[in-house]
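For reference, the structure is listed below as structure tokens.
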Amino acid sequence: MSVEGIQSRVWLAQRLSAMVLAVAVTVHLGGMILAVQGGLTAAEIIQRVGGNGVAASFYGIFVLAAAVHAPIGLRTVLLEMTALNPRVADGVAGVFAVAVLVLGLRAVLGFYQLGAV
Amino acid sequence: MEDMLAVSIWRGGEDGEFVSYDVPRLENQTVLDVVTYVQRKLDPGLSYRFACRVGMCGSCAMTVNGRARWTCRTHVSRVADDGRLEIAPLRNLPVVKDLSVDMVDFFDKWAKAGGAFSPTKSRADDFAAIPPGDAKRRQANAGIECIGCAVCYTSCDVVTWKPGYLGPAALNRAWTLVNDTRDGLGRARLRLVAGDDGCLGCHSQQGCQEHCPKSLSPTAAIAGLKRAVVVAVLKGKL
Ligand code: SF4
Ligand code: SF4
Ligand code: FES
């Protein structure tokens with residue numbers, strides 16, 4: 001595939017993941033605000049949504065979208081604001097993507113397991 | 001109205017400096033009139049460009065009190081309330097001398113963006129009939145009055161950050177050709193402007209259209225190119 005073809009797909013992936021994030025962040029914040037109205041402890045949260053497959057899937061998608069969106073933006077910032085070689089910027093963005101994905105999914109899984117115990 | 005203007009003009013190359021001149025204030029005086037006065041009466045060594053003096057050729061753009069403008073159509077009364085004028089060469093382009101910048105990069109990028117029309121017919125064919133109300137014709141119309149002054153290019157931060165970025169004027173030109181139904185370059189034309197250095201590099205912050213003396217909107221043209229890229233990607237044609 002041509003360089004423009006790849007760059008265009010990466011760019012489009014960032015737009016699409018932004019749309020997912022817009023919904024996910026709204027649901028997440030809204031959910032939190034609703035949930036903590038009367039004060040809430042960690043134990044209560046785990047009790048309510050830990051082990052819940054729907055919550056885990058929702059946050060799994062959230063993490064996935066973040067892992068696509070943020071590294072592409074980071075790469076753009078690096079290319080515009082630093083003198084980094086584009087290959088190095090690609091590498092940094094790639095490592096960041098893997099880190100967000102692994103750490104995020106681990107957190108989602110850990111929370112799910114806490115509730116399932 | 002004060003009798004004299006305190007004018008400081010950039011002299012020298014990239015590492016030059018501002019030099020002060022006193023210029024008589026006149027009614028209906030343009031910034032280009034001021035620069036011309038300095039060259040004719042005070043300092044014949046001053047280099048600057050102009051040609052038409054009526055806003056058609058696009059050669060007289062300079063940075064006036066910190067903002068890029070076409071100087072032949074900019075009245076002193078509009079930009080120098082306190083009788084002070086600071087006139088510098090355009091940003092984002094190498095300074096040749098004084099107020100003249102090297103425009104090679106700017107026009108090379110037009111060529112890179114596929115700025116040349118690619119005909120599908122010859123002079124032996126009849127005129128192409130395109131109704132004025134045609135949707136594509138209207139899109140093209142919105143951008144064709146560009147005079148190539150580089151005011152947008154000099155006002156775009158992405159150009160500053162990414163020297164390879166094609167810039168608003170070249171992309172605006174490309175969009176007029178994408179909408180020219182007589183043009184034969186098709187998808188290949190889109191490919192020329194699709195990458196990170198093309199329309200995808202634009203942050204849509206509209207510095208270009210804020211400054212364009214012809215009130216064009218390169219931002220809208222670039223948004224059109226982005227939409228065309230999305231369609232091409234989804235169709236697997238890029
Ligand atoms: S809208 Fe795009 S082209 Fe125009 S000044 Fe901003 S980044 Fe540059
Ligand atoms: S788009 Fe406007 S500012 Fe840019 S070169 Fe054309 S006329 Fe000048
Ligand atoms: S001298 Fe031609 S546009 Fe100003």
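May I ask you to verify whether B:Thr36 is within 16 Å of ligand 1 (Cβ to nearest atom), surrounded by 12 or more Cβ atoms within 10 Å (Cβ to Cβ) and not in a loop (DSSP other than H, G, I, E, B)?
Taking the combined requirement at face value, the residue does not satisfy it.
Does B:Gly164 satisfy being buried (at least 21 other Cβ atoms within 10 Å of the Cβ), within 11 Å of chain A (Cβ to nearest Cβ), away from ligand 1 (no atom under 13 Å from the Cβ) and outside any helix (DSSP H, G or I)?
no
I'd like to check something: does the stretch B:169-189 contain any residue that is open to solvent by 30 Å² or more (accessible area, probe 1.4 Å), farther than 30 Å from B:Asp15 by Cβ and within 14 Å of chain A (Cβ to nearest Cβ)?
Looking through the stretch B:169-189, at least one residue is open to solvent by 30 Å² or more (accessible area, probe 1.4 Å), farther than 30 Å from B:Asp15 by Cβ and within 14 Å of chain A (Cβ to nearest Cβ).
Looking at (1) closer than 30 Å to A:Glu80 by Cβ; (2) more than 14 Å from chain A (Cβ to nearest Cβ); (3) more than 16 Å from ligand 3 (Cβ to nearest atom); (4) open to solvent by 30 Å² or more (accessible area, probe 1.4 Å), find the lone condition where B:Cys146 falls short.
(3)
Just wondering, is there one or more residues in the stretch B:171-188 that are of a type in the set (A, V, I, L, M), assigned to a helix (DSSP H, G or I), within 29 Å of B:Val54 (Cα to Cα) and without any contact (Cβ under 8 Å) to a residue 60 or more places away in the chain?
Yes, because at least one residue in the stretch B:171-188 is of a type in the set (A, V, I, L, M), assigned to a helix (DSSP H, G or I), within 29 Å of B:Val54 (Cα to Cα) and without any contact (Cβ under 8 Å) to a residue 60 or more places away in the chain.
Here is a list of conditions, (1) surrounded by 13 or more Cβ atoms within 10 Å (Cβ to Cβ); (2) over 19 Å from A:Val108 (Cβ atoms); (3) among the hydroxyl-bearing types (Ser, Thr, Tyr), and A:Tyr59 meets all of them except one; can you say which number that is?
Condition (2) is where A:Tyr59 drops out.
Taking the stretch B:12-32 as the region of interest, how many residues are more than 17 Å from B:Val76 (Cα to Cα) and touching a Ser or Thr at 6+ places or on another chain (Cβ under 9 Å)?
2
In contact with a helix residue (DSSP H, G or I) (Cβ under 8 Å, 6 or more places away or on another chain) and either within 14 Å of chain B (Cβ to nearest Cβ) or free of Cβ contacts under 8 Å to residues at least 60 places away in the same chain (or both): is that true of A:Phe62 in this structure?
Taking the combined requirement at face value, the residue satisfies it.
In the stretch B:197-238, how many residues are more than 20 Å from the chain's Cα centre (by Cα), closer than 19 Å to B:Tyr165 by Cα and touching a residue at least 12 places away in the same chain (Cβ under 8 Å)?
Looking only at that region, the number is 3.
It is to be established whether one or more residues within the stretch B:119-139 are within 16 Å of ligand 3 (Cβ to nearest atom), assigned to a loop (DSSP other than H, G, I, E, B) and open to solvent by less than 70 Å² (accessible area, probe 1.4 Å).
Checking the stretch B:119-139: not a single residue is within 16 Å of ligand 3 (Cβ to nearest atom), assigned to a loop (DSSP other than H, G, I, E, B) and open to solvent by less than 70 Å² (accessible area, probe 1.4 Å).
The values are calculated or read from the model by the stated rules, or taken from the named source; none is laboratory data. Computed from a predicted structure; not experimentally measured. Positions of Cβ are backbone-derived with ideal geometry, glycine not excepted, and every protein chain shown enters the neighbour counts. Note: accessible area is taken over every heavy atom of the protein model, side chains too, but ligands, DNA and RNA are not part of it. Shrake-Rupley method; radii C 1.70, N 1.55, O 1.52, S 1.80 Å.
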